[in-house]
Structures are given as structure tokens and as C-alpha cells.
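To start, the structure under review is shown below, and the notes come after it.
The values are calculated or read from the model by the stated rules, or taken from the named source; none is laboratory data. Because the structure is predicted, anything quoted here is derived from the model rather than measured. Glycine also receives a Cβ, built like all others from the backbone with ideal geometry; neighbour counts cover every protein chain displayed. These area figures cover heavy atoms from the full protein model, side chains too; ligands, DNA and RNA do not enter into them. Shrake-Rupley method; radii C 1.70, N 1.55, O 1.52, S 1.80 Å.
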Amino acid sequence: MLAEPKPSAERFQIQTFNQIAPRGLKLLTAPQYRVNKDEGSPHAIILRSHPLTVAHLSSELLAIARAGAGVNNVPIAECTERGVVVFNTPGANANSVKELVIAALLLCARDVIGGIEYVNSLPSVIPEGDLKQHVEEGKRLFAGRELSGRTLGVVGLGAIGVPVANIACTLGMQVLGFDPFLSETAKQNVDSRVELVDELKDLFARAQFISLHVPLSPETHTFVNDELLNYCHEGTCILNFARSEVVAPDAILRALDHGQLSKYFIDFPRREFLNHPKVFTTPHLGASTLEAEENCAVMAVRQVQAFLVNGNIENSVNFPAVKLERSLDYRFTIFNWNKPGVLREILAICSNAGLNITDMINKSRDNVAYNILDVDSEVSDSLRAQLLSVPNVVRVRVLGRRSSHEL
């Protein structure tokens, strides 16, 4: 059970890892926020790909925001146990990744890289006439194929998969989509020309290009394996802009050697693939644009602010989405395990203490429950201690006075 100390005069300490775009950090203005890389006991952490460990989870820590979609560098289970809300920024880098996926499709279909290397290998002192002859002879070596009329399979129709599928349709490709957890938003946004398939093996059997856009989880870890690759017909290209670990590297190498795959494009360098003639590897460039980095930073910061100041939660990977506009100056939040009778006991304690609840919201997600309560008087330390004594209550947080604007 945790009852975190109140930040002094509602001043929050923020620790950053990696390079967070200044446009986002500028929103964390003094004196309400203090931001630095060396903060020992922060109230919030903002990071990109830096690997966090349990040692980073101090008792004062309330939130972690990943400026990006993947959170496999954050110890989610341990955060949940301690009542630490973990945010990500879905969709903030979607356009950046989408554009790189289209570039990867083109590079797999057309040997642009080989052509560039060929021209650069010609001596700079070559006579103009000889240069033209070499160009005409050499270009036959780099003949490719058009994307129009080819079949693209998109595995995972989320914030990135949907725009990839849609732009492929505009390029004249036949597009297959697979996502057993397709959201209502994705259903509304995906192009009507995208054919949704029920079986992943059918997508692998029919597609000439396959683009992976699934989160890393126990279910997706090395899900692209020998069995699935055996469904591919000769010359298939696979693009991996999801996570390195969603494919089995040995299976990819075998498929490349046997000709089932003609190209593998991965945005996460692995030693097994270095210098392989059929593997294109980029150094995790998916979200490496100025626009994407700024979008992710701004989104992460705004989510942290909304939580620290008002207790609201949006885009959390381990807590339910909860938002309640402030009706009074006084507010407190409770995180508890989602067990019967907990909320009833919380309300009884408030009633017995004469605390009038004017507005509240309760949401749950799996075994986690989160409550926001607005009251007409300040919550005392003794009342907070009573609330913490309720079985299955993990964290009680008393927020400061209502800010001049709702975040």
C-alpha cells in the first residue's frame, strides 16, 4: 500500500532518458515542473527506448511515459503492482513509420540500392561515351517489378497498419489485412478495398509482400516462424517495422536460403542479419523524423500533465482510461485491485468521516480498478490512512488544488 507524499506546493519532479524533443519539454514550465536527467526520486519519467528496471521505480514515482508506441523497455507488471501508470503515444509516429514502410516496399521491389552502388563503382575519369555504355549495360542487372497489381499483406491494423494498408491501395496493390482484435476505429478508417482475412496462414500464402505491425507480447514473440513461413510462395518479401522479436531469426535465414523469401527488411539491427545480401537493415529509423519525435514528446508530456495535475488517464497500457472534469478544488484518486466490495468500503469510510463526494468515476481494466473522487473539503492524513487500510487498496493519492485550466 502506497500513500505518496504530496509534491511540495504541487511542484513535480520529472526525469528524462534519451533525447526528448524540446517542443514537448517546453510544456513542462517552471515552477510547477522541474525537469532533469539526474532526478533521483521523480514523480514521472519520460523516455524513448532507454531500458528501465525495477531499480528506477522509486516510491515517489507516479507515472512513466514512453514517447513511442512500444513499451517492452518498461517493466509493466512491476509498475502495475506499485500503482505506477505507464503511458505510450499510439499514432504519434504513425505517419513517419508509414512513409518508411512505403520506401521499404519500393526498395524491395526495385533494386535501387544495387543501382546506386553500381554507378558509384564506376571510375570518375571514365569517358562520357563509355559511361553511357556502362549505364545501358548495367541497368539490365537491376530490373525490378512494380508494386501496382501485387499483393500486400498487413499484419496488425492499428495506428500504423491502417495507413500503410490504405496508401498501398492507392498505389494499386491488392491489400490483405489480418487483425483478430480489430478496433471499431480501425474498422471505420481502413480502406474498403482492404480484404480482411480470418487466418494468418492465408495471408502468408497469398501475399507477395508482408508488412508486420503488431506489438511485442508473449503471443506475438517469434510468431513468424518456420511453420508460418512455409505458407509463403517463392520470392516473398517481409518487412518488419514492429519489433525484432516478433520473428524467429533462424527461420527467416532458412527461408531466405531456400528462396521462399527474396528480401527481409528490418528496422532493428541483429547480428544474425549483418551483411546478409538479402537483408536490408536500418538503424531503427521508423520514428526518426523531427515531426514524429515532436509529436511523441508533446503527446507524452500532455498525458503526464493530465495525470499529475488532475489524475486523468489516457493511453495507458496498464490502467483504464479515465477522465473526470474537476467540479471542486479537492480531489483524490484510488488504485485498487478489482475485487468485489472495495468501492463500497471506500464510500462507507468517506461517509463516516463526513466527507461529501460531489462527483466520481470508477473504471476497471482486467484486475486493476481506478477511481477519481471530487469532494467538498480537504482529505485529511488520517482519512487517507483509513482508505489505505482497506484490503486490495494499493495507492491513495490526494491531489492539489484545482489548476486554473483543465488539462
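Which value, in debye to the nearest 20, describes the size of the charge dipole of segment 1-102 about its Cα centre when Lys and Arg Cβ atoms bear +1, Asp and Glu Cβ atoms bear -1, and nothing else is charged? Walk me through the numbers on the way to the answer.
Working: 10 positive and 8 negative charges, 71 e Å.
Rounded to the nearest 20 debye, it is 340 debye.
How big is the dipole moment of the chain about its Cα centre under a simple scheme where the beta carbon of each Lys and Arg is +1, that of each Asp and Glu is -1, and everything else is neutral? Debye, nearest 20, please.
Numbers: 39 positive and 45 negative charges, 140 e Å.
Approximately 680 debye in magnitude.
Quick one: accessible area per residue over segment 1-139, 1.4 Å probe, rounded to a whole number of Å²?
Numbers: 6920 Å² over 139 residues.
Heavy-atom SASA per residue in segment 1-139 reads 50 Å².
What nm distance separates the two modelled labels at SER124 and SER351, each placed 7 Å from Cα along Cα→Cβ?
8.6
Report, in deg cm²/dmol and to the nearest 500, the calculated mean residue ellipticity at 222 nm for the chain, where each DSSP H run with n ≥ 4 adds -39500 (n - 2.57) and the sum is divided by the residue count. Please list the in-between numbers first.
Working: 13 runs with 124 residues, N = 407.
When only DSSP H runs of four or more count, the value is -9000 deg cm²/dmol.
Testing the spin-label approximation: label points 7 Å from Cα along Cα→Cβ at GLU378 and GLU117. State their distance in nm.
Result for the modelled spin labels: 7.0 nm.
Using DSSP, restrict attention to beta bridges with both residues in the chain and report what percent are antiparallel, rounded to the nearest 5. Before the final figure, lay out each step's value.
Numbers: 23 of 62 bridges.
Taking every DSSP beta bridge with both residues in the chain, the antiparallel ones total about 35 percent.
How far, in degrees from 0 to 90, does helix 249-258 lean away from the longest principal axis of the Cα atoms of the chain, to the nearest 10?
The two axes meet at around 20 degrees.
Among VAL35, ASN367, CYS169, flag the residue with its Cα farthest along the positive direction of the charge dipole of the chain, charges on Cβ as +1 for Lys/Arg and -1 for Asp/Glu.
It is VAL35.
For segment 91-99, in order, what is each residue's ³J(HN,Hα) by Karplus, 6.51 cos²θ - 1.76 cosθ + 1.60 with θ = phi - 60°, in whole Hz (x at glycine and Pro)?
Per residue, the Karplus-derived 3J(HN,Hα) values read x, 5, 10, 4, 5, 4, 5, 4, 5 Hz.
Positive end of the charge dipole of segment 214-306 (Lys, Arg +1 and Asp, Glu -1 on Cβ, about the Cα centre): tell me which of THR222, VAL304, ALA248 has its Cα farthest that way.
After comparing all options, I get VAL304.
Nearest 0.05, what FRET efficiency do LYS187 and LYS323 give at R0 = 30 Å with Cβ-Cβ as r?
Values: r = 24 Å, r/R0 = 0.79.
With R0 = 30 Å, the Cβ-Cβ based efficiency is 0.80.
Taking loop as defined by DSSP and a crowding limit of 15 other beta carbons within 10 Å, which chymotrypsin sites (Phe, Trp or Tyr not before Pro) in segment 150-217 fit? Numbers along the way, then the final one.
On the way: sites: PHE178, PHE181, PHE204, PHE209; in loops: PHE181.
Loop-located and lightly packed - PHE181.
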